[in-house]
Amino acid sequence: MNYNRKVDITDLCATCGLSIAKISKELEDMQSGDVLLVFSDEISNLDKVSMKYNVSAFCRKSGDELLSWETSEQEDALTFYIKKR
């Protein structure tokens, strides 16, 4: 999928809110219709569930669109694509 900007949340806690704050900050600086790639290369299965829930809730509240999300069990990777409203 094509994207305009990407943000790495690998070093941020999935449940503490810092990852959502970083995503929000990146989206603030983007134009309507732009796509943000959010990724983490090292995330536990429990944190994957938390992040999916948190990012989905954030998008509902902000009006941005969660286009897709992907996980990789072998690599502990997580990827989201978010379209700026």
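The values are calculated or read from the model by the stated rules, or taken from the named source; none is laboratory data. Computed from a prediction, not measured in an experiment: that's the story for all the values here. Cβ sites come from the backbone with ideal geometry, for glycine too, and all protein chains shown count toward neighbours.
A few points about this structure:
- Selected residue (criterion: surrounded by the fewest Cβ atoms within 10 Å (Cβ to Cβ)) from residues of segment 67-77 that are touching a strand residue (DSSP E or B) at 6+ places or on another chain (Cβ under 6 Å) and without any contact (Cβ under 8 Å) to a residue 40 or more places away in the chain: GLU70
- Residues in segment 49-85 that are polar (S, T, N, Q) and not in a strand (DSSP E or B): SER50, ASN54, SER56, SER62, GLN74.
- Selection within segment 34-48 - closer than 15 Å to TRP69 by Cβ and either touching a residue at least 40 places away in the same chain (Cβ under 8 Å) or in a strand (DSSP E or B) (or both): VAL35, LEU36, LEU37, VAL38, PHE39, SER40
- Filtering segment 6-27 to residues that are surrounded by 15 or more Cβ atoms within 10 Å (Cβ to Cβ) and within 12 Å of TYR81 (Cα to Cα) leaves VAL7, ILE23, LEU27.
- Residue check for LEU12: of a type in the set (A, V, I, L, M, F, W, C), in contact with a strand residue (DSSP E or B) (Cβ under 9 Å, 6 or more places away or on another chain) and assigned to a loop (DSSP other than H, G, I, E, B): yes
- Checked against (1) at pLDDT below 85; (2) within 9 Å of the chain's Cα centre (by Cα), ILE23 meets all criteria but (1).
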